[in-house]
Amino acid sequence: MSDALSSAIVRLHEAGIPDPSNEARRLEALAAEQNMDLAELVARRVTHEPFSHIAGRRAFWNHEFIVSSAVLDPRPDTETLVEAALTLPFDTVLDLGTGSGCILCSLLAERLSTTGTGTDISPDALDVARRNAALTGTQVRATFIESNWFAGVDGRFDLIVSNPPYITEAAYRDLHPTVHRFEPRIALTPGGDGLDPYRVIAAESTKFLTEDGFVLVEIGYDQGALVQSLFKQHGWRDVACIPDLNGKDRVIRAKAPE
């Protein structure tokens, strides 16, 4: 083991980085790949900057996506939404709050005859999403627009998907300080009880869905009953909660009202 690697392990351990030995080796490989100094990468990681931001990419579904501080770092839990969507028939898809574009691009890459639109209120996030569409070869079939939820959307879609901000204001305040530093607040919490995006989606999606279309939204593990109730109040059919691989409530699926 080199002195540089040993020093990296010690620094990461002192900073409280989990599994510092493995993390140091990942940074060492990244430094060699990008012709960078290991010590510089370690200096960033000990601030708890996510490894994905340092590397500029994050594996999700079948691709590595470009990520930055402008977007929510894709989580494995969100793959539950992609998997559920791929059980449904659709030719057109709308991704609300697309962020990095990982959901939309993953769906378009799996269904080569489909087209989709991604919306986001953040121009910087949309720039990342467009780069990911190019990276996944879906840019010809993907359109990205700056929009606050449905404000700039036209037309109807077979499927609407979203991983909206859903953390409550109280829970957001209790998150690790580094989450506040490195991920956009707007992608994590809408404030209040965390349910406002679902209220908008449940109330307005019917105007943008084709007949018998579906909505799929990611939720927090303790929001299943509340979000299902919101959709049922608006007359949605076949409302169901889909668990993630850990058995926690993760996705709500609802069919358009008749």
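The values are calculated or read from the model by the stated rules, or taken from the named source; none is laboratory data. Because the structure is a prediction, the values reported are computed rather than measured. Ideal geometry is used to build each Cβ from the backbone, glycine not excepted, and the neighbour counts take in all protein chains shown. Please note that ligands, DNA and RNA were not included when accessible areas were found on the heavy atoms of the full protein model with its side chains. Shrake-Rupley method; radii C 1.70, N 1.55, O 1.52, S 1.80 Å.
So which strands (runs of 3 or more DSSP E) are wholly in the stretch 43-139 and hold at least 1 residues that are under 30 Å from D238 (Cβ atoms) and small (G, A, S)?
115-120
Can you name the condition, by its number, that I186 falls short on among (1) aliphatic (A, V, I, L, M); (2) modelled with pLDDT of 95 or more; (3) farther than 28 Å from T114 by Cα?
Every listed condition holds for I186 apart from (2).
Which pairs have Cβ atoms under 9 Å, sit 6 or more apart or on different chains, and link a residue in the stretch 181-208 that is on the phi > 0 side of the Ramachandran plot to one that is part of a helix (DSSP H, G or I) and surrounded by fewer than 19 Cβ atoms within 10 Å (Cβ to Cβ)?
G191/E169; G191/Y172; G192/E169; G194/E169; G194/A171; G194/Y172
Going by the structure shown, is R45 touching an Asp or Glu at 6+ places or on another chain (Cβ under 8 Å) and open to solvent by 30 Å² or more (accessible area, probe 1.4 Å)?
yes
Here's the yes/no breakdown for (1) in contact (Cβ under 8 Å) with a residue 12 or more places away in the chain; (2) farther than 16 Å from T178 by Cβ:
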{"site": "H13", "(1), (2)": "no, yes"}
{"site": "R25", "(1), (2)": "yes, yes"}
{"site": "A29", "(1), (2)": "no, yes"}
{"site": "E33", "(1), (2)": "no, yes"}
{"site": "H48", "(1), (2)": "yes, no"}
{"site": "F65", "(1), (2)": "yes, yes"}
{"site": "A70", "(1), (2)": "yes, yes"}
{"site": "P74", "(1), (2)": "yes, yes"}
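Kindly check whether there is at least one residue in the stretch 118-130 that is open to solvent by 50 Å² or more (accessible area, probe 1.4 Å) and more than 17 Å from the chain's Cα centre (by Cα).
Looking for residues that are open to solvent by 50 Å² or more (accessible area, probe 1.4 Å) and more than 17 Å from the chain's Cα centre (by Cα), one finds none in the stretch 118-130, hence no.
Within the set of pairs 6 or more residues apart or between chains, which connect a residue that is in a helix (DSSP H, G or I) inside the stretch 215-226 to a residue that is surrounded by fewer than 18 Cβ atoms within 10 Å (Cβ to Cβ) and modelled with pLDDT of 95 or more with Cβ atoms less than 6 Å apart?
G224/C241
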